[in-house]
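These notes concern the structure reproduced below.
Laboratory data are not the source of any read-out in this text; all were calculated from the coordinates shown. Everything numeric here is computed off the predicted structure, so don't read it as measured data. Cβ placement follows ideal geometry from the backbone for every residue including glycine, while neighbour counts extend to all protein chains displayed.
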């Protein structure tokens, strides 16, 4: 590929990234431009599911509906190396054992396939695949361009994830006044939208101690029992309102349950205080599958999510207190009616 062609590709990608469209349409535009510039038959962008067991279609161009609906894609079988962060060129997909659906590829006439990981800050979130209907070789420069484009795509996907979860949290915390229902929905949304291993919320008691009760998703009870007894170093930071990021929970000396984190498959952990003004309401903890270093923008969005969580807790507690007062008044009134025999005293005119 000539340098001028590389420039044109990045110009095309820049135009796509700056277009006022949603993420899926953006990635569809990028897939189309890659097909045109690299003169291949099709491009498919898939996102790794939260449990990392399947790859879900996110955007494509040049591929038939029949091929796209061929069946669920097992990442361990079809793109294992890409999910390890390696770009892989499959010279003949008709016979290569890494191809999960060879018959479907033969039916479409595909021969060469390129798997490019969608990776950002050490986290692989999906894979981009290019399909050619002839035996193709790609230069080192071609492959380097594809990796740069894939990194742009990964950044766009992750950015969209964080904004999506914030929108969902805003909507969810207003849909119910029941505290347990709100917090269970909140942890579920965060884990699903960010596609992380799991997360949990631990509330703070009026005494200032952390409650033994937690709301979680994606994590075993055995791990939660350990994790809810945090080291004092972490708690001291959180109580000051500081966000604490642990890149590797299995080795960080601040984490007293590192071996448990390793057994659970937890890599990075983020501890976010749930603050209402200066008052700590609890703690939100996120756990990732692999080490992940958050950007400033992502941390800012997560702090906004934590603020929504603190407000949701306060609103639910206020509602619960008002409901208790109302129930008490109703009980007192009923008791008075029973005692008075249902006769209301006359008031002077």
Here FRET efficiency (C-beta to C-beta, residue 242 to residue 331, R₀ 51 Å, nearest 0.05) is 0.70
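For Cα pairs less than 8 Å apart in space and 6+ apart in sequence, what is the mean separation divided by the residue count of the stretch 57-149, i.e. the relative contact order in percent?
Relative contact order here is 24 percent.
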How many nm separate the modelled label positions at residue 322 and residue 263, each set 7 Å beyond the Cα in the direction of the Cβ? 4.6
Return 140, 237 ranked ascending by Cβ neighbour count within 10 Å, so the fewest neighbours appear first. 140, 237
Computed over the chain, the relative contact order (Cα-Cα under 8 Å, seq sep at least six) in percent reads 12
How far apart, in nm, are two points set 7 Å out from the Cα along the Cα-to-Cβ line at residue 256 and at residue 163? 4.2
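Taking Rh as the Kirkwood radius computed over C-alpha pairs, what is the Stokes-Einstein D of the stretch 82-143 at 20 °C in a medium of viscosity 1.002 mPa s, expressed in µm² per second?
In µm²/s, the coefficient rounds to 175.
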Residue-averaged 222 nm ellipticity for the chain, from DSSP H runs of 4+ at -39500 (n - 2.57), nearest 500: -15500 deg cm²/dmol
If I stretch the segment between residue 106 and residue 39 completely, what's the gain in nm (0.36 nm per residue apart, minus their alpha carbon distance), one decimal? 22.2 nm
Treating the angle as unsigned and between 0 and 90°, give the value, to the nearest 10°, between the Cα long axis of helix 296-340 and the longest Cα principal axis of the chain. 30
Alpha-carbon Rg/Rh ratio, for the stretch 173-316, with Rh computed the Kirkwood way: 0.93
In degrees rounded to 10, the 0-90 angle between helix 140-172 Cα long axis and the longest Cα principal axis of the chain is 20
At 0.36 nm per residue, minus the direct Cα-Cα distance, what do residue 314 and residue 69 gain on full extension? Give it in nm, one decimal, please. 83.6 nm
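Using packing as a proxy for protection, rank 183-192, 201-210 so that the peptide with the highest average count of other Cβ atoms within 10 Å comes first.
Details: 183-192: 21.4, 201-210: 14.3.
Order by mean packing, descending: 183-192, 201-210.
On a full-extension model of 0.36 nm per residue, what is the gain between residue 293 and residue 56, subtracting their alpha-carbon distance, rounded to one decimal in nm?
Extra length from residue 293 to residue 56 when fully extended: 82.9 nm.
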Name the residue, out of 274, 329, 247, whose mean-square fluctuation peaks in a Gaussian network model built on the chain with Cα pairs under 10 Å. 329
If you line up the long axis of helix 23-38 against the longest principal axis of the chain, both from Cα atoms, how many degrees apart are they, to the nearest 10? 10
Let me know the Rg and Dmax you get for the chain when you use only its Cα atoms, in Å. 26.4, 102
Calculated P(r) tail over 22 Å for the stretch 3-162, as whole % of Cα pairs: 36
Counting only C-alpha contacts under 8 Å and six or more residues apart, can you give the relative contact order of the stretch 32-101 as a whole percent? 23
